[in-house]
1. Please go through segment 324-340 and pick out each residue that is in contact with a helix residue (DSSP H, G or I) (Cβ under 9 Å, 6 or more places away or on another chain) and within 15 Å of the ligand (Cβ to nearest atom).
2. Name the strands (runs of 3 or more DSSP E) wholly inside segment 172-224 in which the number of residues that are of a type in the set (K, R) is 1 or more.
3. Working only within segment 24-59, note down all residues that are more than 15 Å from the ligand (Cβ to nearest atom) and either part of a helix (DSSP H, G or I) or touching a His at 6+ places or on another chain (Cβ under 7 Å) (or both).
4. Output the number of residues of segment 406-422 satisfying the condition of being surrounded by fewer than 24 Cβ atoms within 10 Å (Cβ to Cβ), in contact (Cβ under 8 Å) with a residue 24 or more places away in the chain and in a helix (DSSP H, G or I).
5. Test M457 against the criterion of being out of contact with any His (no Cβ under 7 Å at 6 or more places or on another chain), open to solvent by less than 30 Å² (accessible area, probe 1.4 Å) and touching a residue at least 40 places away in the same chain (Cβ under 8 Å), and give yes or no.
6. Can we say V235 is crowded, with 24+ Cβ neighbours inside 10 Å and either more than 10 Å from the ligand (Cβ to nearest atom) or over 27 Å from E278 (Cβ atoms) (or both)?
7. Would you mention how many residues in segment 125-167 are in a strand (DSSP E or B) and either aromatic (F, W, Y) or more than 12 Å from the ligand (Cβ to nearest atom) (or both)?
8. Checking the structure you have, find out if any residue of segment 63-72 is surrounded by fewer than 23 Cβ atoms within 10 Å (Cβ to Cβ) and either over 19 Å from K115 (Cα atoms) or β-branched (V, I, T) (or both).
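The values are calculated or read from the model by the stated rules, or taken from the named source; none is laboratory data. This is a predicted model, so every value here is computed, not measured. Glycine gets a Cβ as well: all are built from the backbone with ideal geometry, and neighbour counts include every protein chain shown. Accessible surface is based on the protein model in full, side chains and every heavy atom, while ligands, DNA and RNA are left aside. Shrake-Rupley method; radii C 1.70, N 1.55, O 1.52, S 1.80 Å.
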Amino acid sequence: MIHRHDVIIVGAGLAGSRAAVEIGQVADVAVLSKVYPSRSHSGAAQGGVAAALGNISKTDRWEFHMFDTVKGSDYLGDQDAIELMVREAPETVIEMEHWGCPFSRTPEGKIAQRKFGGHTLDYGKEPALRACYSADYTGHVLLHTLHEQCLKHNVHFYSEFQVLSLIFENNKAIGVVALDMVNGGLHTFYGRAIMFGTGGYGRAFKITSNAHANTGDGLALVTRVGLPIQDMEFVQFHPTGLWQSGILVTEGARGEGGHLKNGEGRRFMEDYAPTLMELAPRDMVSRSMQTEIDEGRGIDGKDYIHLDVSHLGEAKLMERLPQISELAMNFAGVDPRKEPIPIQPTAHYSMGGIPANANCRVTIDEKRTETEGFYAAGECSCISVHGANRLGTNSLLEALLFGRRAGKQIVEDLPHLDFGELPADYEGAAKEEVDRMMTSTGKEKVGTIRKELQETMMIDCGVFRTKGQLEKQREKILELQDRYKHVTIDDKSQRFNTDLLEAIEMSHMLEFSGAIVEGALQREESRGGHSRKDFPKRDDEKFLKHTLAYKQDDGSWKLTFDKEVILKGIHHQGFEPMERKY
Ligand SMILES: Cc1cc2nc3c(=O)[nH]c(=O)nc-3n(C[C@H](O)[C@H](O)[C@H](O)COP(=O)(O)OP(=O)(O)OC[C@H]3O[C@@H](n4cnc5c(N)ncnc54)[C@H](O)[C@@H]3O)c2cc1C
């Protein structure tokens, strides 16, 4: 079946939904999502969304927010896009407030703001209260507010449609092919503009804070039509995942005053970041924790650390951190009012993704050549506001703000965009993939391959990396890709065939994981979330560059380091790389 809409958006998280609100007011827009829209991972975000409103830290300004973001990115962020983001942040958040988003409040009724790692006043002098929040349900309230706005503006939702391929020819995006999860069968969606807001890929790792749906589909689909993906080696490990499950305990817990303690009961962050302590940037706290664990100072010598919030008192915990209190009780069996929470670093966020410029147009090379009618925003994109490491609360901001920008850009571009011509075999690639799975008879199981990928990515491409480990992991992925060809599924039915859907997601994870490993191997330095034990220093001379990874027919990746980082803002002179203080 063919569906025709002016604009097709894949993804109903904050990025996709925010763009849809903009477009729905003037054009016919359809949003496809493989989960029910309000179950998108954005809804799990707890801690907050950054904007220099100055409601509590009265002297806060966008310049400080820009400095923190650039520094946090370890100078790999593109500063033109960062400037846009921090300057437009206040209006983006206030717009959500005006649409009825129930933020927590200050006593005088303004949006409440809390501390988060790496956010400071006066260029690093003292912590800033910049994260706008709604208890620890910030993503949930933002997503629901946006969904209401989508319904108000006649956005057409196709829920539980899993996109399997992108139709892209002569540098123009033409449409997507999706599987109707409820009834089975392929549907082709055909539009003048196509936007991806397909989210992150944490599920490629064993310990992750990400939802099961976060399998990086969008990244794999663009590489299959020959487009590159950018800066994939940068994976953010959040310091505080619940031990063994990886479920997130928001950084807000440390923002509100929580302490990290090692097996000796000591606040070990004093050895690594004596000023910022627990509120140092995430990459640094994760490395410090992993070092404690690796050197035998985990709790009882095991692979976890304690997060202690018991001294905050029951009233504060119930007011500010109710969700994580409940999660700790249900998933770790501890009562955070009385006992410390066992935690370990968890794969959390993908800094890399589909290269796009600040107008959210997808680009194809180091010269930033634009595609036609193809846009990306949110976690799947790499507009590169986070560079090598994202600061907490900058991602909800990015998804909202660049979703908004993408929507406005598409509205502006629509009069100049035509429907492309569908190629003769427009369903070809998707049909072949489904048919192959449905008739497969091999001996391999998706579950086994997934487990092996997740475990080895965690060990050999995790918080710390070495050449030897990465070479091993590159081989492992090739082996798994080979074995994947012999995968068979048990369920051969049409309706809600999760066996089939998971098998397809598995092929995506095997693909982009190769790009993560190849980037990590070739980037012989340590920067932001990428930490090489054999190259512990940042090397600006050689590596102050974005990587672009192109998939090759034999499953390997070709990498280029030719894309320059933009070191100037649009109006602001920008910030030059400084020596690291840690
Ligand atoms: C537990 C947790 C807590 C977080 N807390 C914070 C926080 O406090 N502050 C902050 O700034 N950031 C936080 N983040 C990060 C932030 O939530 C995300 O980066 C952001 O919400 C991503 O939004 P998005 O719209 O890009 O993607 P998502 O919200 O992940 O949405 C992706 C959408 O794409 C759809 N999709 C994907 N593949 C397909 C396909 N093949 N076919 C059809 N549809 C598809 C999905 O159905 C979904 O609708 C947190 C993340 C996690 C995991």
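1. Once the filter is applied, which keeps residues that are in contact with a helix residue (DSSP H, G or I) (Cβ under 9 Å, 6 or more places away or on another chain) and within 15 Å of the ligand (Cβ to nearest atom), segment 324-340 yields only I324.
2. It comes to 172-180.
3. G24, Q25, D28
4. 5
5. yes
6. It is true that V235 is crowded, with 24+ Cβ neighbours inside 10 Å and either more than 10 Å from the ligand (Cβ to nearest atom) or over 27 Å from E278 (Cβ atoms) (or both).
7. Number of matching residues: 9.
8. No: segment 63-72 contains no residue that is surrounded by fewer than 23 Cβ atoms within 10 Å (Cβ to Cβ) and either over 19 Å from K115 (Cα atoms) or β-branched (V, I, T) (or both).
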